[in-house]
Amino acid sequence: MKKHHILLTGATGALGRALIPQLLQEPSVERLYVLLRQAPKENFPARVIPVLGDIRVPRSLGLSALHQDLLQKNVTGVLHSAADTRFDAPYAEAYATNVSGTENLLRFASNCTRLDRFVHLSTLCATGKRTGRLRETPLENKHGFVNHYEATKSAAEFVVQQEGARLPVSTIRLGTVIGRETTGAIHQMGALHRALRLMYCSLVPMMPARPHCPVDLISVEYATQAIVELLCNRFSTGSIYHLCAARDYLPLDELLDLAYQTFSQNRPSWRRRAIERPTVVDLSTFELFRQTVEETGAPGLMDSLRLLSSFAPQLLYPKTYDDSQCQLALAGSGIRRPNLREFFPQMVASLITTAEAPRHIAPTPLQLEVA
Amino acid sequence: MNNGITAIEYTLGEETLSLETLEQQGLLDSPAEQLHQFGFASCRFTRRSPAALAQECAQRLLEEKSIDPETIDLLIYAGALTCNHSISRRPGVMANFIYPATALHDSLGLVNANAFGISQTGCGAMMTAVRCATDFLHSHPEAQRVLVVGADVLPPGSKREIFYSLISDGACALLVEKNAAKNKIVAQKQKTKGFYWDCEKRKFELIAAYFPTARAIMQELLHEEGLHPEELSHIVPHNVSLRSWQILLGLCRMPTGLLFSENIAPIGHVVAADNFINFRDLESRNELKPDDRALLFNFGFGANWSCLLLQH
């Protein structure tokens, strides 16, 4: 069996944290180097070697000379998971991590003498405003984006195509990873989680979208198992995979129905509030409302609308993703897409059990007392 | 039975105050410029009591329509502000029992009518009153007509802006009659959502709930009547702001051309009376043709969403 010495970036990120145990379960992974920006607070297992560095630093990645030498002599594979995943990140910050960071890492990897694989974790968001059925092919940068995250992840793919032409590189575009399919536990609060929490608190009156727009969500288990399999056992240079719900997506209408049913079933007191589902509106109506709220300075709503503005307009560009190459590559591995209609409600239930009220919002219930 | 609204009269505060004047007098929370952008220009202010305004417009309605006061079967006095539901300034508990409804009953000579007041559905008070009037006529075969009177005057020294709406003082009287020849009440719908009862502490949630709930109640009413928005001739608003209506119509995918918005700028929000003042003006300008359908929508703190479909 071929033994891998893997360098993992983004090890402290939402997905990176879940990738570490998955990589350690993989028998072919002999060493796992995790690139960290700060000294770790916890102890890692013996096969994990933390190295301090930062992909935003050109050439050296901010590594000590000793670690540069160690990695360039030993690393056989790179799993590039680091990214600035904030939808509302300033462009320069998103670019520094997602584009320049990827470029720096590719250049560093080109000096790794034993390197035989480099997997770049991208996102379905990189497809931007494209619509229709999207295949597992390189992106063309001509449709535009709704936020800097999409734009910079797309640019990163372009860098991988250009800079990585001389390297054994594969790209995996991930659907939105929302939680564990077995328990519903949420690995990290993302924009979707925060939006659902705001809906639960009656703070989302409308969202810019098309009612039946496909929403592509996957579980932590599916994402991590498939990534490790595609990296370690089924690597194929030049391949592009959609690791996503594909045809098992949820239409937005159904997703909202499932969320509101779950709120109601899990919290009878919530049902009594009779909170309406957000109305799906065109962008101009949403923008007029957002402008009005900004002008009136209602802080609780401003937070909600800023969050929605950062990603929901993507739901005006309906698209589905073909994952046939990914499924072909995973054939026989036993790794399957989870049933989204089962695990999404579990995740929502987990969300409302642990969620605190957002800022500016009165705790419930209000007491029937005269102030 | 064809219950309908056969007559409407209204009285507004005698002074007109521009946004700039109000701003100079410190009677606004928001800058005047912002309220201009929301569609307001001025409001009406009175030094008279709400009961006096109510008396004036109700008296005019009875006289102009030559209605014998003794033929009124029920008087409903509606108002959003609970402070307007006692007309006494005397000290002591007894003063709380001095009601404008029975004072009006006396002054108008409604000797055969019962009287009561509606005071806890906010700006939806007159809508609630029309609903009660319709239900009363349905359940009392001998009854023929109900007089609904709404009046709201902000307490002296109050700011003229509430929740980004410019408020006018005013009163409105209307007659709900059986076998009405015009303005037939085709359908009514109300939603109460108690979760939002504390409108100060839940103000952000309330702003968020306002729009989807408004959309839901209007769409449900149209659906139940088998109507599409394009079959309406007019949407008759409450005058909370033109901006909020632009947003709401976008939400409902209704054409903005349906909205009768002419009164928003000059008089702003006349609390519970807006819809009926607007409908009266629409009618008096001969903008309604026979069988035209008008949808009246209203929201009141509490929280209550109401709509009413009238066929001219």
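Things worth noting here:
- Antiparallel DSSP beta bridges within the range A:148-292, percent to nearest 5: 15 percent
- Legend: residues A:ASP248, B:ASP135, sorted from most to least accessible area (1.4 Å probe; ligands, DNA and RNA excluded), read B:ASP135, A:ASP248.
- Farthest toward positive dipole pole in the protein assembly as shown [+1 Lys/Arg, -1 Asp/Glu at C-beta], among A:LEU35, B:GLN59, B:SER49: A:LEU35
- A dipole drawn for chain A from +1 and -1 charges on Cβ atoms has a positive end, and of A:LEU52, A:TYR260, A:MET302 the residue lying farthest that way is A:LEU52.
- Rg/Rg_ref, the range A:175-302, where Rg_ref = 2.2 N^0.38 Å and atoms are Cα: 1.29
- Dipole of the range A:273-355, positive direction: furthest Cα of A:GLY334, A:ILE352, A:VAL293, with charges on the beta-carbon: A:GLY334
- The ratio of the alpha-carbon radius of gyration of chain A to the globular-protein estimate 2.2 N^0.38 Å is 1.03.
- A:ARG133 versus B:SER284: modelled label distance in nm, points set 7 Å from Cα along the beta carbon direction: 6.4 nm
- In terms of its C-alpha gyration tensor, the range B:201-312 comes out oblate, because a/c is 1.5 or above while a/b does not outweigh b/c.
- Net charge dipole size for the protein assembly as shown [Lys, Arg +1 and Asp, Glu -1 on Cβ; Debye, nearest 20]: 2780 debye
- Taking every DSSP helix (H) stretch of at least 4 residues in chain B, weighting each as -39,500 (n - 2.57) and dividing the sum by the residue count yields a mean residue ellipticity at 222 nm of -9500 deg cm²/dmol.
- Cα gyration tensor shape of the range A:1-89, rounded if a/c is under 1.5, else prolate or oblate by comparing a/b with b/c: oblate
- Distances between placed amide hydrogens fall under 5 Å for B:ASN114 paired with B:LEU74, B:LEU75, all partners being 5 or more residues away or on another chain.
- Heavy-atom accessible surface of B:TRP197, to the nearest 10 Å², is about 100 Å², with a 1.4 Å probe and all protein chains retained.
- By accessible area with a 1.4 Å probe, ligands and nucleic acids excluded, highest first: order of A:LYS319, A:LYS129: A:LYS129, A:LYS319
- Applying the Karplus relation 6.51 cos²θ - 1.76 cosθ + 1.60 with θ = phi - 60° to the range B:206-222 yields 3J(HN,Hα) values of 5, 4, 5, 6, 3, 5, x, 6, 4, 4, 4, 5, 5, 5, 5, 5, 5 Hz, where x marks Gly and Pro.
- Cα centre as origin, Lys/Arg/Asp/Glu Cβ charges: chain A dipole, Debye: 640 debye
- Remark: the range B:110-263 carries a charge dipole of roughly 240 debye about the Cα centre, counting +1 on each Lys and Arg Cβ and -1 on each Asp and Glu Cβ.
- Amide H contacts under 5 Å for A:TYR33, placed H, 5+ residues apart: A:ILE6, A:LEU7, A:LEU8, A:ILE49
- Fraction of beta bridges assigned by DSSP in the protein assembly as shown that are antiparallel (%, nearest 5): 45 percent
- Within the shell of other residues whose beta carbon sits under 11 angstrom from the beta carbon of A:ARG341, the net charge comes to -4, with Lys and Arg scored +1 and Asp and Glu -1.
- Measuring with a 1.4 angstrom probe and ignoring ligands and nucleic acids, A:VAL348 comes out at about 0 Å² accessible.
- Expected 222 nm ellipticity per residue - DSSP helices of 4 or more, -39500 (n - 2.57), all of chain A, to 500: -11500 deg cm²/dmol
- Each listed q (0.14 Å⁻¹) maps to a log10 I(q)/I(0) for the range A:34-172 from the Debye sum over equal C-alpha point scatterers, namely -0.67.
- Per-residue SASA remark: A:HIS143, around 80 Å² accessible (1.4 Å probe; ligands, DNA and RNA not included).
- Relative contact order (percent, whole number), chain B, Cα cutoff 8 Å, 6+ residue spacing: 27 percent
- Contact order normalised by residue count of chain A, Cα under 8 Å, 6+ apart, percent: 18 percent
- For q = 0.05 Å⁻¹, Debye-computed log10 I/I(0) when each Cα of the protein assembly as shown counts as one equal scatterer: -0.34
- Largest to smallest in accessible area, the residues B:ILE98, B:ILE5, B:ILE185 fall in the order B:ILE98, B:ILE185, B:ILE5 (1.4 Å probe, all protein chains included).
- Rounded to the nearest 100, the interface formed by chains A and B buries 2600 square angstrom of accessible surface, both chains summed, with a 1.4 Å probe.
- Legend: P(r) of the range B:46-137 from all alpha carbon pair distances, 5 Å bins from 0, whole percents, reading 3, 13, 22, 25, 22, 11, 4, 1, 0.
- Beta bridges from DSSP with both residues in the range B:1-156: antiparallel share about 30 percent, rounded to the nearest 5.
- Three-way shape label, the range B:95-152, alpha-carbon gyration tensor, a/c 1.5: oblate
The values are calculated or read from the model by the stated rules, or taken from the named source; none is laboratory data. Nothing here was measured: the structure is a model prediction, and the numbers come from that model. A quick note on method: Cβ atoms are made from the backbone with ideal geometry, for glycine too, and the neighbour counts reach across all protein chains shown. These accessible areas exclude ligands, DNA and RNA; they are computed on the full protein's heavy atoms, side chains included. Shrake-Rupley method; radii C 1.70, N 1.55, O 1.52, S 1.80 Å.
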